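Below is one structure, written out as structure tokens; comments come after it.
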Amino acid sequence: MSKTKLSPTQDGPPSDVERIKAESNYLRGTLAETISDPLSAGIPDDDNRLMKFHGSYLQDDRDVRNERQRQKLEPAYQFMVRVRAPGGIVTSDQYIAMHNIAKKYANGTLRLTTRQSFQMHGILKWNMKQSIREINDSLLDTLAACGDVNRNVMCNPNPYQSEVHGEVYEWAKRISEHLSPRTRAYHEIWLDGEKVADSTESDVETEPIYSPVYLPRKFKIGVAVPPSNDVDVFSQDLGFIAILQDGHLQGFNVTVGGGMGMTHGDTDTYPQLGRVIGFCSPDQVVDVAEKIVTIQRDYGNRSVRKNARFKYTIDARGIEWLINELHDRLGWELQPARLFEFEHNGDRYGWVKGINNKWHFTLFIENGRIKDHEEYKLMTGLLEITKIHQGDFRLTPNQNLIIGNIAEENKAQVEQLIKAYGLTTGKQHSALRRNSMACVSLPTCGLAMAESERYLPSLLDKIEGILDEAGLREEEIVVRMSGCPNGCSRPALGEIGFIGKAPGKYNLYLGAGFSGNRLNKLYRENIGEKEILEELKPIIHHYAKERQENEHFGDFVIRTGYVKEVHSGLDFHD
Ligand code: SRM
Ligand code: SF4
């Protein structure tokens, strides 16, 4: 039986965001005008709320915020644009388009996200229309990359079992297409009313799944193929776990109610793991996704946004309520869940031959940032590869990049470029770093409380020193850092998790499951680098000496009493 903590309330008045959505005429608002207004580099708050549904956020460069304030200048406004790519798969041409847009209009770098998308930062308002147009010209888009809708559907890029991967990917794409908003506002505002190639517009503008007020909050779906849980399926609002028999896809176990975000000091908010509620066949998967989304549309909290995610809707009413409601809406029942086993949630680096005789090469991209460093021309190297590569690129859920589907006859050429540019699988680093992720955080993220992407590499240098002393350089340990408790790097699933509290200060969490199957627990609060290293050092040495055979770090810290095991998000703060 599930515990319930929150009252299933929608008693309060709708939040301001609900008003903005309701008055927006299917996400138009006054965006068309304000985006063309030459008087400010920003846009008004109401339009910024709507802008998210179009895949973009107004941000400002926080590195220069105080100085500009001092000079009485408006903040250094700029936009972040997020591109949707279900399952993270793009062609070479699409990759080239992303590269070119990043160079022409953004800050010259590309960011691979924790949900297998591209982000570009630093785009000025005057270049927004052209940027989005060029993204659409490449047959990718940004609609619903952010906002109170279903986001980019994640899917295992699983190169070593590519036939099943291909099949599972097709289902992920169908879910994504089925749940795409139908509004024409996107085309009107960004493409001057033009249709994109495979748009599914109908003549009458309605949102049959979402309604004119869309969902109460963002909604996330991931599809996993065991033994890899790289999509962190239990962190998703809705998850599907592929069930295979003799290498064939039988269907999917369904998981509901995961989520990572919380607010420091507010125990009504917590990370939660999805729960497995049953099994469906492949052709039922889109129906299940649609009905789950409509349940959240109808029952999610539209009054208090911090309690509006699906995890709270379920925890407030109970999992049995959810299953009954789902069965009612489906008109049929899920079958009992089938057995599955996850082994890890990280990426496998380097060369792998798929069963279609094509080759795949997984590169380590530290924290997902693709740029040229003085000594490491990553961005240029990848662009050179696109010029000869006939296959595809696959963005992994761990912010890495797979050069996918390389034909045998092209392998040597790709390999030569990989060598020439020193493109790395992270082998020179510890296994801990190869299993690390950090969210974007400063200087672009408006919600950041502490550094993350810019800081984790140097912290890991020091932790690697401890690992070397303890002889654990090749020990796989999952480490995640987020600059605030929103949890964009899924830090509650790190065997070691850092969550920013204030500049230079982090909460340290320990004890998540190696395969993303258990949340971690707060170990130390509000500590800086010196204390982090002082805290971790003895635990790492203890682990080196007294771990049992094949015991993962997250399991060890629970067995030896550093932290209590967390069974549910409802116990996260206990
Ligand atoms: Fe996130 C908000 C970046 C994945 C939970 N996230 C943000 C914003 C847009 C900040 C804002 O609202 O102003 C960040 C933009 C930073 C920047 O400058 O780029 C941001 N989130 C990211 C990315 C880019 C992190 C990364 O390093 O890759 C990821 C983009 C994914 C994508 O392509 O769609 C990203 N965000 C996640 C994840 C992980 C996931 O989805 O698997 C989570 C935790 C899972 C979840 O949703 O529960 C996540 N982001 C949040 C939250 C907390 C939501 C909540 O309800 O608890 C916020 C804040 C909010 O929504 O109010 C947020
Ligand atoms: Fe920003 Fe916080 Fe997300 Fe990091 S976790 S990108 S700081 S919202």
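Coordinate-derived values only; no laboratory data. Not measured: the values here are computed from a predicted model. Cβ coordinates were reconstructed from backbone atoms using ideal geometry, including for glycine residues, and neighbour counts include every protein chain displayed.
Summary table below
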read-out: Alpha carbon convex hull of the range 350-421, projected area averaged over orientations, nm²; value: 4.7
read-out: The chain - Cys residues lacking any other Cys C-beta under 4.7 Å; value: Cys146, Cys155, Cys280, Cys445, Cys484
read-out: Rg in Å to one decimal, and Dmax rounded to a whole Å, for the chain via C-alpha atoms; value: 22.8, 68
read-out: Among the listed pairs Lys501/Lys521; Lys104/Lys427; Lys220/Lys358; Lys72/Lys103, those beyond 23 Å (Cα-Cα); value: Lys104/Lys427; Lys220/Lys358; Lys72/Lys103
read-out: Compactness of the range 57-130 as Cα Rg over 2.2 N^0.38 Å, two decimals; value: 1.26
read-out: The range 26-118: trypsin sites (Lys or Arg not before Pro) in DSSP loop, at most 14 other beta carbons within 10 Å; value: Lys72
read-out: Most positive-pole-ward Cα, Thr444, Gly222, Ser15, against dipole of the chain from beta carbon charges; value: Thr444
read-out: Relative contact order %, the chain, counting alpha carbon pairs below 8 Å whose residues are six or more apart; value: 13
read-out: Inter-label distance for Ile319 and Glu167, nm, one decimal - labels placed 7 Å from Cα along Cα-to-Cβ; value: 2.7
read-out: Fully extended contour minus Cα-Cα distance, from Lys104 to Arg305, at 0.36 nm per residue; value: 68.7 nm
read-out: Segment Asp192-Glu474, extension gain: residue separation times 0.36 nm, minus the distance between their alpha carbons; value: 96.2 nm
read-out: Estimated FRET transfer efficiency when R0 is 41 angstrom, pair Glu525-Glu341 (beta carbons, to 0.05); value: 0.75
read-out: For the range 431-571, the spread of Cα positions along each principal axis, largest first, Å; value: 44, 35, 23
